[in-house]
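As structure tokens, the structure follows; a few thoughts come after it.
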Amino acid sequence: MSLILLTFGLLILIVLAMAVGVLVQKKSMASSCGGLGSMGIDKVCDCDDPCDKRKKRLAREQVWKDNQIL
């Protein structure tokens, strides 16, 4: 039982050290490959004509951006 608690404590210590490192650097976390944006793909489906559900969502996002104060 003590080995399990020691292992768990070590894991928590490592996670806390990583969190402190992120806070000290004051940078947001990023993936190593850059995601789909690095390949020039703006959306997951990458189709020319998006479905109706996506068109509605894009229209709502555009209205929100147009009414944004900042």
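The values are calculated or read from the model by the stated rules, or taken from the named source; none is laboratory data. What you are looking at is a predicted structure, and each value in this text was computed from that prediction instead of being measured. So basically every Cβ, Gly included, is an ideal-geometry build from the backbone, and we count neighbours across all protein chains shown. Just so you know, the surface numbers come from the protein's heavy atoms only, side chains and all, with ligands and any DNA or RNA stripped out. Shrake-Rupley method; radii C 1.70, N 1.55, O 1.52, S 1.80 Å.
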### Query
Can you name the residue in the range 59-70 that is of a type in the set (A, V, I, L, M) and at pLDDT below 85 and, of all such residues, is least open to solvent (accessible area, probe 1.4 Å)?
I69
### Task
Specify which of the listed residues (L16, L36) is out of contact with any strand residue (DSSP E or B) (no Cβ under 9 Å at 6 or more places or on another chain), aliphatic (A, V, I, L, M) and modelled with pLDDT of 80 or more.
L16
### Message
I'd like to check something: does the range 42-52 contain any residue that is at pLDDT below 90, on the phi > 0 side of the Ramachandran plot, loosely packed, with under 10 Cβ neighbours inside 10 Å and not in a helix (DSSP H, G or I)?
### Response
no
